[in-house]
1. Under the definition of Cα pairs under 8 Å and six or more residues apart, what whole-number percent is the relative contact order of the chain?
2. Distance cut-off 31 Å, Cα to Cα: go down the list K8/K46; K96/K132; K4/K56; K96/K154 and report the pairs above it.
3. Using only the Cα atoms of the range 1-108, what semi-axes does the equivalent ellipsoid have when each is the square root of 5 times a gyration tensor eigenvalue? Give whole Å, largest first.
4. Pop the C-beta distance of T57 and E77 into the FRET formula with R0 = 25 Å and round what comes out to the nearest 0.05.
5. What fraction of the Cα pairs in the chain, stated in percent, has a spacing above 20 angstrom?
6. Rg to Rh for the range 123-203: what is it, with Cα atoms only and Rh by Kirkwood?
7. On a 0 to 90° scale, report how tilted helix 100-118 is relative to the longest principal axis of the chain, with both axes built from alpha carbons and the result rounded to the nearest 10.
8. Can you tell me the 0 to 90 degree angle between the C-alpha axis of helix 171-184 and the longest principal axis of the chain, rounded to 10?
Amino acid sequence: MEQKVEFKTNAGNQYIQPHLNLVNNENSLVYTGINEFSSAGFGYQKDNAILNQIIKTDDFDTTKQYLANFEEIWTDEKVLKDVTDAVVDYIADLYKENSPEFIYYLTLYNIFNEFLEDISEDELANEKTGFKDSIIWNKLYDFQRDAVLGIINKLERHNGCILADSVGLGKTFSALGVIKYYQERNRTVLVLCPKKIGDNWQTF
């Protein structure tokens with residue numbers, strides 16, 4: 001491909017009629033009506049199309065005109081943009097031997113990249129408050145710490161958040177971590193809870 005193929009893409013919104021030119025020393029052929037560069041597009045494998053007519057032309061004058069039209073468009077940089085290097089690099093990446101760790105991070109990026117682009121420093125937990133030095137933070141497991149940081153981010157962005165998890169996974173402790181963060185920022189905290197567990201909240 002690097003030595004024999006060129007790829008170009010439509011630089012604008014202008015319609016280009018799909019067709020295939022086959023030229024050699026003996027004859028010249030043009031196929032029109034091809035909707036895609038595939039076995040189904042060429043008509044020798046079945047697809048879902050009800051009617052797909054492909055026309056073969058071998059008249060020299062006609063094929064010569066098609067070729068001239070193609071060459072005119074092919075060399076017009078305003079109409080077509082050369083993407084050969086990009087295509088070759090992309091295919092080379094597909095065959096590259098990548099570590100499982102790299103694939104994992106690449107997957108995470110593609111899942112969360114929009115979130116990462118939208119996030120701002122104002123929505124991230126400010127570690128300068130010292131809440132990570134608190135007793136409650138150091139009692140939390142890693143997954144609870146992740147929950148605390150996620151809750152802070154959502155509170156800063158959406159002014160609200162629901163923490164929902166199975167019984168016994170420490171929702172109360174995670175909430176305490178969030179409360180500690182806002183206490184360190186001199187923010188007022190109001191806890192609404194059933195009367196039955198009021199003493200627990202008072203104690204902690």
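1. 16 percent
2. On the way: K8/K46 28 Å; K96/K132 41 Å; K4/K56 25 Å; K96/K154 38 Å.
Among K8/K46; K96/K132; K4/K56; K96/K154, the Cα-Cα distance tops 31 Å for K96/K132; K96/K154.
3. Equivalent ellipsoid of the range 1-108: 33, 20, 15 Å, largest first.
4. 0.30
5. On the way: 15577 of 20706 pairs.
Of the Cα pairs, 75 percent sit more than 20 Å apart.
6. Ratio value, two decimals: 0.94.
7. It works out to around 80 degrees.
8. 80 degrees
Read-outs: derived from the displayed coordinates by stated rules, not from any lab. Note that the structure is predicted; figures quoted are calculated from it, not measured. Ideal geometry is used to build each Cβ from the backbone, glycine not excepted, and the neighbour counts take in all protein chains shown.
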